[in-house]
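**Student:** Got a structure here, written out as structure tokens. Questions coming.
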Amino acid sequence: MKGVIFTFLADMVEEQFGLETWQKILDEAAPEHKGIYIACESYSDEELLQLVGAACKLLDIPADKLVYAYGQNLFGSFTKNYSEFMLAHKELKPFLQSIEEVIHVEVGKLFTSPIKRVFEYEDPAPDKLIMYYSSPRKMCQLAEGLIDGAASYYSTPYQLNHSTCMHKGDERCTLELTFGSK
């Protein structure tokens, strides 16, 4: 996992709960890198999970809710720091469809290591998009939060049906989006 994900998590906790709370999370999790992350470096998924687990415990927030909220916040951080990816699109659906073919390729260039494909798509109608999420990280709640953050950014109402889920034993998650109503 790229360090930028860790630094944006620290930023979110500090902004919403204060620096003291972030320090308590670090103390509880005792991560290998002691909370010092470089955006372009890679760190273990386990270290992120330790931080999320400690945050859930200290903040008394279920993990799925925290990861979803982090996804929403993460999209806001991306718009501030990597706006060129968002500005390339005027609508939500084309932006979401660009994640694998454009954004992950460009992010891979920025951080000098490949990002594994996690999304595949079906485009059944102008107001619909099906996103198939598959990753050993199983962070589908993060993907949902990022989608919600993107929908807010593009001012697009939507409905999301998470019909299959790796957390329920499915091979991949199916995120069925309908645009125009929420």
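The values are calculated or read from the model by the stated rules, or taken from the named source; none is laboratory data. What you see is a predicted model, and the numbers here were worked out from it, not measured in a lab. Neighbour counts run over all protein chains shown; Cβ positions are idealised from the backbone, glycine included. SASA here: full protein model, heavy atoms, side chains in, ligands and nucleic acids out. Shrake-Rupley method; radii C 1.70, N 1.55, O 1.52, S 1.80 Å.
**Student:** Keeping every protein chain present and rolling a 1.4 Å probe, give me the accessible area per residue for the chain in Å².
**Tutor:** 54
**Student:** Also: Roughly what angle does helix 3-17 make with the longest principal axis of the chain, taking Cα atoms, 0 to 90 degrees, to the nearest 10?
**Tutor:** Once rounded, the angle reads 80 degrees.
**Student:** For region 1-73, run through the GluC sites (Glu not before Pro) and keep only the ones in DSSP coil with at most 11 other Cβ atoms within 10 Å of their Cβ.
**Tutor:** Answer by residue number: 32.
**Student:** Calculate, in nm to one decimal, what residue 125 and residue 138 gain on full extension: separation in residues at 0.36 nm each, minus their alpha carbon distance.
**Tutor:** Gain on extension, residue 125 to residue 138, equals 2.0 nm.
**Student:** Please check which bits of region 150-164 a label hung off residue 178 would reach, taking the label as a point 7 Å along Cα-to-C-beta and the cut-off as backbone N under 13 Å.
**Tutor:** Only 158-162 fall inside the zone, counting backbone N under 13 Å.
**Student:** Still on this model: What span do the alpha-carbon atoms of the chain cover on each of the three principal axes, reported in whole Å from largest to smallest?
**Tutor:** 49, 34, 30
**Student:** Now for a different question. Ordering 138, 168 by accessible area with a probe of 1.4 Å, largest first, what comes out?
**Tutor:** Ranking 138, 168 by accessible area, largest first, yields 168, 138.
**Student:** So which trypsin sites (Lys or Arg not before Pro) in region 16-90 end up in coil per DSSP with only 13 or fewer other C-beta atoms within 10 Å?
**Tutor:** Hits after loop and neighbour filter: 34, 90.
**Student:** Here is a further query. Which of the cysteines found in the chain have nothing to pair with, since no other Cys Cβ lies under 4.7 Å from theirs?
**Tutor:** Lacking a cysteine Cβ partner under 4.7 Å: 40, 56, 165.
**Student:** For q values of 0.18, 0.23, 0.24 Å⁻¹, compute log₁₀ I(q)/I(0) with the Debye formula on a Cα-only model of region 116-162, without solvent.
**Tutor:** -0.62, -0.97, -1.04
**Student:** Ignoring ligands, DNA and RNA, please state the percent of accessible area on region 1-76 from carbon and sulfur, probe 1.4 Å.
**Tutor:** The nonpolar share, carbon plus sulfur, comes to 54 percent.
**Student:** To continue, here is another question. By how many degrees, 0 to 90 and rounded to 10, does the Cα axis of helix 19-29 deviate from the longest principal axis of the chain?
**Tutor:** Once rounded, one gets 80 degrees.
**Student:** Can you list the residues, at least 5 places off or on another chain, whose amide H is less than 5 Å from the amide H of residue 2, using H built in the peptide plane?
**Tutor:** Those lying under 5 Å, H to H, from residue 2 are 43.
**Student:** Rounded to the nearest whole Å³, what is the per residue volume of the convex hull around the Cα atoms of region 20-83?
**Tutor:** Given the Cα convex hull of region 20-83, per-residue volume reads 96 Å³.
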